[in-house]
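Scroll down for the structure; my scribbles are underneath it.
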Amino acid sequence: MKLRTSMMAAIGLAFAATAAHAEINVGVTVSATGPAASLGIPEKNTIALLPTTIAGEKINYIVLDDASDTTSAVKNVRKLISEDKVDIVLGSTITPNSLAMIDVVAEAATPMISMAASARIVEPMDDKKRWVFKTPQNDAQMSTAIIEHMTNSGVKTVAFIGFSDAYGEGWYEQFAAVADARKLKMVANERFTRTDTSVTGQVLKIMAAKPDAVLIAGSGTPAALPQKAFKERGFTGKIYQTHGVANNDFLRVCGKDCEGTFLPAGPVLVADQLPDSNPVKKSAVEYINKYEAAHGKGSVSTFGAHGWDSGVLLAAAVPTALKKAKPGTKEFRAALRDALEGLKEVPAAHGIFTMSPNDHLGLDQRARVMVQIQGGAWKLVK
């Protein structure tokens, strides 16, 4: 009897261990503090809205803050993989952090979905980046939208000022290439850091070049600094920002100096202004309703939607991966990577995702609209 009791106990422990391994652990690192906090906070809030079960399996989200710091992002992802044994990593918020995480996830053969914008995160494809996916639109896609609007508005010359990091460099690289192809002349190229308190020198150099328009390639509230400096100096040309500023914190900090600014953005930013025939409207409104139900009317931002879309991709891929392996194993992580790469026509808040071995973003032109800031609000440019 004693032996039978011991055997039953052993079987029970074994079952419990199996059940524990069946749960899917999702590691998340976002920039909830530091210069990128206005992007990372809505992402962190959104993770709390993601499903807690997928295909009958419990999902455990382990959320860490990297403080907008590259070293902390790498430290976080190492902890998530080695200590928390995660099956996938979501994050980080900004490009420098996401780029720094690639070596770690590739070495551990763990898939990652970044919420940062630069095309460099998933291009060019190689043995390391085959483990990496991302949800924000590429800077090349958004550059095309900006330049189309510029040329249609009679802009002939343009100046560039961007972050002095991978985000700014990625934007300059893509924007300059498209501008050259469309015969748009670049007359100045300046940089500033996310923590700068003055950009007077750069702005004066740009104004001396007398461009018809300026593109500011920054993200979050730091991108308001050059915009305010141009207004203070009396610049009368068109000002463009990137989709890195599409949140209410930027509007609050920039105030009236933002009026008239153009930017490309995901459809979710102006979902209520889209026609019902827009293929992204339904899935975008679904996210907005969930976020605002939890955080209040008008609280939603496009950055939280990038986090939401990472959850949409995960939910779409998990059922396929579960057919091949159990969570908590290297086979499951590989199956999850393969499933993400095979996703087709998945509707999300920012667009419709179709992945392939050479395209780990999967968004097309349905994922962008042009927007103008009018009266302190985002208005769809029709």
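The values are calculated or read from the model by the stated rules, or taken from the named source; none is laboratory data. From a predicted model like this one, the values you see are computed outputs, not experimental measurements. Every residue, glycine as well, gets a Cβ built from its backbone with ideal geometry; the counts of neighbours run over all protein chains shown. Ligands, DNA and RNA are stripped out before the accessible areas are found, and what is left, the full protein with its side chains, is counted by its heavy atoms. Shrake-Rupley method; radii C 1.70, N 1.55, O 1.52, S 1.80 Å.
Assorted remarks:
- The condition of being touching a Lys or Arg at 6+ places or on another chain (Cβ under 9 Å), aliphatic (A, V, I, L, M) and open to solvent by less than 30 Å² (accessible area, probe 1.4 Å) holds for only one of Ile239, Ile216, Ile206, that being Ile239.
- Hits in the range 249-265 (condition: more than 21 Å from Ala32 (Cβ to Cβ) and open to solvent by less than 10 Å² (accessible area, probe 1.4 Å)): Cys254, Cys258, Thr261, Leu263, Pro264, Ala265
- Pick from the range 279-298, criterion farther than 19 Å from Pro42 by Cβ and touching a residue at least 24 places away in the same chain (Cβ under 8 Å), ranking: most open to solvent (accessible area, probe 1.4 Å): Lys282
- Helices (runs of 4 or more DSSP H) completely within the range 265-367 that count 1 or more residues being in contact with a Phe, Trp or Tyr (Cβ under 6 Å, 6 or more places away or on another chain) and farther than 21 Å from Ala108 by Cα: 281-295, 302-322
The rows are residues; the columns are (1) in contact with a strand residue (DSSP E or B) (Cβ under 6 Å, 6 or more places away or on another chain); (2) surrounded by fewer than 24 Cβ atoms within 10 Å (Cβ to Cβ).
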residue: Ala305; (1), (2): no, no
residue: Asp309; (1), (2): no, no
residue: Leu314; (1), (2): no, no
residue: Lys326; (1), (2): no, yes
residue: Phe332; (1), (2): no, yes
residue: Phe353; (1), (2): yes, no
residue: Trp378; (1), (2): yes, yes
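- From the options Met115, Met101, Met150, Met125, residue that is open to solvent by 30 Å² or more (accessible area, probe 1.4 Å) and among the aliphatic types (A, V, I, L, M): Met125
- Within the range 185-199, residues that are hydrophobic (A, V, I, L, M, F, W, C) have Cβ atoms under 7 Å from residues that are open to solvent by 50 Å² or more (accessible area, probe 1.4 Å) in these pairs: Ala188/Lys205; Phe192/Ser164, counting only partners at least 6 apart in sequence or on another chain.
- Leading residue by the ranking (farthest from Ala217 (Cα to Cα)) among those in the range 155-177 that are in a helix (DSSP H, G or I) and charged (D, E, K, R): Glu173
- Those helices (runs of 4 or more DSSP H) of the range 1-103 in which 2 or more residues are at pLDDT 95 or above occupy 37-47, 70-82.
- Among the residues of the range 223-239, those that are in contact with a helix residue (DSSP H, G or I) (Cβ under 9 Å, 6 or more places away or on another chain), more than 16 Å from Gln374 (Cα to Cα) and not in a helix (DSSP H, G or I) comprise Arg233, Gly234, Phe235, Gly237.
- Which numbered condition His149 fails, given (1) part of a helix (DSSP H, G or I); (2) more than 27 Å from the chain's Cα centre (by Cα): (2)
- Number of residues in the range 57-91 that are open to solvent by 40 Å² or more (accessible area, probe 1.4 Å), at positive phi and small (Gly, Ala, Ser) equals 1.
- Count of the range 220-250 residues which are at pLDDT below 95 and within 13 Å of Trp378 (Cα to Cα): 7
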